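Novice: Take a look at the following structure, please.
The values are calculated or read from the model by the stated rules, or taken from the named source; none is laboratory data. Everything quoted here is computed from the prediction, not taken from an experiment. Neighbour counts run over all protein chains shown; Cβ positions are idealised from the backbone, glycine included.
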Amino acid sequence: MVAKKPIPVPNRSISLSEVTQQSANEIIRFIYDINNEDKNLTLDQRSPIKILINSDGGDVYSGFGIVEAIRNSETPVYTICHGQAQSMALLVLAAGYKRFIGAYSTVMYHEISWEVDYQPRKHHKQELAEGNRAQEIYDSLLIEFTNVNHDQLNIHKDSSSYWYISSEDALRYHIVDEILENSLAI
């Protein structure tokens, strides 16, 4: 039996700048809508969803929502970085079925930012525990999706430093699958 070619769909791309609750909800809805459109297609008939990323990051929980939607999508989701994928956007980039980066783009890892306002001491303990849980989820997922390991992440967390990663190193660490140099045809 000859495999059927994917049915072309006019626009299956969505952009991600700041990771907010609103942007996450738009991307999650977009992924759900495309999966609904594709429900009667076989996997080889589905054209990929593309998330175009140029982001300095944002909200951890919203980013986890995007990652969940990507990973649960039956229609493949390609993530494409042009410019930057920093902080939470790094994890979104790494979650793609196929991951691409522009030759001049940069990704960045750092310990998650967690604010605790003026509250009783008990509240601070609760917030610290939750921040640690969110950090563990983030790190575990990044390690699962890439060739990055705990020791590499801990170096930057322990020194409170940012880890800037070039497109070449992103490929080496398997954060991405391909560097886009001369074509936008994906």
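Novice: Between residues in segment 73-98 that are of a type outside the set (A, V, I, L, M, F, W, C) and residues that are modelled with pLDDT under 95 and in a loop (DSSP other than H, G, I, E, B), which pairs lie under 7 Å by C-beta distance while being six or more apart or on different chains?
Specialist: Y78/I186; S87/H110
Novice: When you go through A89, A69 one by one, which is the residue that is in contact with a Leu (Cβ under 9 Å, 6 or more places away or on another chain) and on the phi < 0 side of the Ramachandran plot?
Specialist: A89
Residue-by-condition table, conditions (1) more than 14 Å from the chain's Cα centre (by Cα); (2) aliphatic (A, V, I, L, M); (3) surrounded by 14 or more Cβ atoms within 10 Å (Cβ to Cβ):
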| residue | (1), (2), (3) |
| --- | --- |
| D33 | yes, no, no |
| G57 | no, no, yes |
| A94 | no, yes, yes |
| A129 | yes, yes, no |
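Novice: Looking at the structure I just gave you, is D38 crowded, with 18+ Cβ neighbours inside 10 Å and acidic (D, E)?
Specialist: On the way: crowded, with 18+ Cβ neighbours inside 10 Å: yes; acidic (D, E): yes.
Against the criterion (crowded, with 18+ Cβ neighbours inside 10 Å and acidic (D, E)), D38 qualifies.
Novice: Now, a different point. Mind listing whichever residues of segment 1-11 are surrounded by 11 or more Cβ atoms within 10 Å (Cβ to Cβ) and either aliphatic (A, V, I, L, M) or at pLDDT 95 or above (or both)? Steps first, answer last, please.
Specialist: Narrowing segment 1-11 to residues surrounded by 11 or more Cβ atoms within 10 Å (Cβ to Cβ): 6-7, 9.
Of everything in segment 1-11, those that are surrounded by 11 or more Cβ atoms within 10 Å (Cβ to Cβ) and either aliphatic (A, V, I, L, M) or at pLDDT 95 or above (or both) turn out to be I7, V9.
Novice: Of all strands (runs of 3 or more DSSP E) completely enclosed by segment 38-155, which ones contain at least 2 residues that are among the aliphatic types (A, V, I, L, M)?
Specialist: Numbers: elements: 49-55, 77-86, 98-102, 106-109.
In segment 38-155, 49-55, 77-86, 106-109 are the strands (runs of 3 or more DSSP E) which contain 2 or more residues that are among the aliphatic types (A, V, I, L, M).
Novice: Checking Y118 against (1) out of contact with any strand residue (DSSP E or B) (no Cβ under 6 Å at 6 or more places or on another chain); (2) modelled with pLDDT of 85 or more; (3) among the aromatic types (F, W, Y), only one condition comes out false. Which one?
Specialist: Unmet condition: (2).
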